[in-house]
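Written below as structure tokens is the structure these notes are about.
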Amino acid sequence: MPTALPPLKFRRWRRDLVWLLGAVALEWYASARGNWSEHYSRFAQRYEDWQLDEWPLTLLMLSLGLCWFAWRRMGELREALAEHMAAEQRISELLEQNQHLARQLIGVQEEERRAIARELHDEFGQGCTAIRIEARLLAQNGAPDAVRQGAQRIGHHAEHLYRLVRERLTRLRPHSLDSLGLEAALQELCEGWEDQTGIACRVQAELPAQALDDAVAVTLFRLVQEGLTNIARHARASEAQVSLQAGNWPQQPLSLRIEDNGCGLPGAAPPSGGFGLAGMRERVAALQGQWRLDRGTAGGVRIQVLLPAEARA
Ligand SMILES: Nc1ncnc2c1ncn2[C@@H]1O[C@H](COP(=O)(O)OP(=O)(O)O)[C@@H](O)[C@H]1O
Ligand SMILES: [Mg+2]
């Protein structure tokens, strides 16, 4: 229950009061000029059986009663309004908490990915390299053919595993994001994606002079990553475009657009059920941004994201 009722603010009461007093004065003037009460008295006396002469007082009582009734309802309305405002306040607090938690969760997730990527790189990469060296030595030292061939196969498998892990490492935490920055990481991501899928990908990035915060950069990278994955999986497109406009950030919101020329969404309503789009939406909401999915100019899907300056906080 709310404790304090909001103060009443009547903005148009003066104008209404003038109208009310004007109407009463007009009625009094017309009544005085036309002797309405005297006419009414004479009329009421003719119908004494109906007690018509008592009606003015009764109507006065009814008016006072209605005033009292309206006053009571207004009190109830104020209470309902206060409850509504308290609920709204609570909702906005919970929303803020939710955004804070989502942001923390994403931060922890990214840190965990970074740690796994580091460990995989150090342990697995070195292990694979050692196996490849050993296999090469085995194959060189005049060993029997069977051993040499086996050693070569081991070397190939180790090489294959190493490539696989390197590719996974890039997905887990792209090295270029830390070393070269967002623009280079996006270029690298799109070039790799183009090679893998055979779909043309154009990247256009305008970044601010100062480096973007890690949370913002990682969010943008993951959004593009998921957007491109969806295009490869669902769009049947021949071209994808990624455009990042952040030249005036944080003075102006940062905008990201991912668009394809594919078949578009399967239904009229935005799809639900998949984790990819939901994850994108959550990442954007965690940075208090806006996320929109609609039909692009080329007929495919267009995802537009706006991140405000508060995304840095
Ligand atoms: N670029 C796209 N072109 C066509 N359909 C898409 C595109 N992106 C998403 N979709 C549709 O939206 C659905 C939900 O996507 P998502 O949440 O990423 O889940 P998932 O990729 O696991 O199916 C997809 O199943 C697909 O039907
Ligand atoms: Mg997906």
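Taking all Cα pairs closer than 8 Å and separated by 6 or more residues, the relative contact order of region 113-171 comes to 44 percent.
When only C-alpha pairs under 8 Å and at least 6 residues apart count, what is the relative contact order of the chain, in percent?
This gives 12 percent for the chain.
Decide, for region 10-53, between rounded, prolate and oblate: order the square roots of the alpha carbon gyration tensor eigenvalues as a ≥ b ≥ c, take rounded if a/c falls under 1.5, and otherwise choose prolate if a/b is larger than b/c, else oblate. It comes out oblate by the Cα gyration axes. Within the chain, the cysteines lacking any other cysteine Cβ closer than 4.7 Å to their own Cβ are Cys67, Cys128, Cys263. Taking a ≥ b ≥ c as the square roots of the Cα gyration tensor eigenvalues, with a/c under 1.5 meaning rounded and otherwise prolate when a/b beats b/c, else oblate, which class fits region 180-312? Taking the square roots of the gyration eigenvalues as a ≥ b ≥ c, region 180-312 is oblate. Charges on Cβ only, +1 for Lys and Arg, -1 for Asp and Glu, centred on the Cα centroid of the chain; of Gln126, Gly264, Ala25, which one is farthest towards the dipole's positive end? Sorting the options by dipole projection puts first Gly264.
Under the convention that each Lys and Arg Cβ holds +1 and each Asp and Glu Cβ holds -1, the size of the dipole of region 180-312 around its Cα centre is about 480 debye. Listing Phe221, Phe10 from fewest to most neighbouring C-beta atoms within 10 Å gives Phe10, Phe221.
Among rounded, prolate and oblate, which fits region 13-83 when a ≥ b ≥ c are the square roots of the eigenvalues of its C-alpha gyration tensor, a/c under 1.5 means rounded, and a/b larger than b/c means prolate?
oblate
Taken about its Cα centre, the chain carries a charge dipole of roughly 300 debye when the Cβ of each Lys and Arg holds +1 and the Cβ of each Asp and Glu holds -1.
Laboratory data are not the source of any read-out in this text; all were calculated from the coordinates shown. Please read these numbers as outputs of a predicted model, since none were measured by experiment. Reconstructed Cβ throughout: ideal geometry from the backbone, glycine too, with neighbour counts over all protein chains shown.
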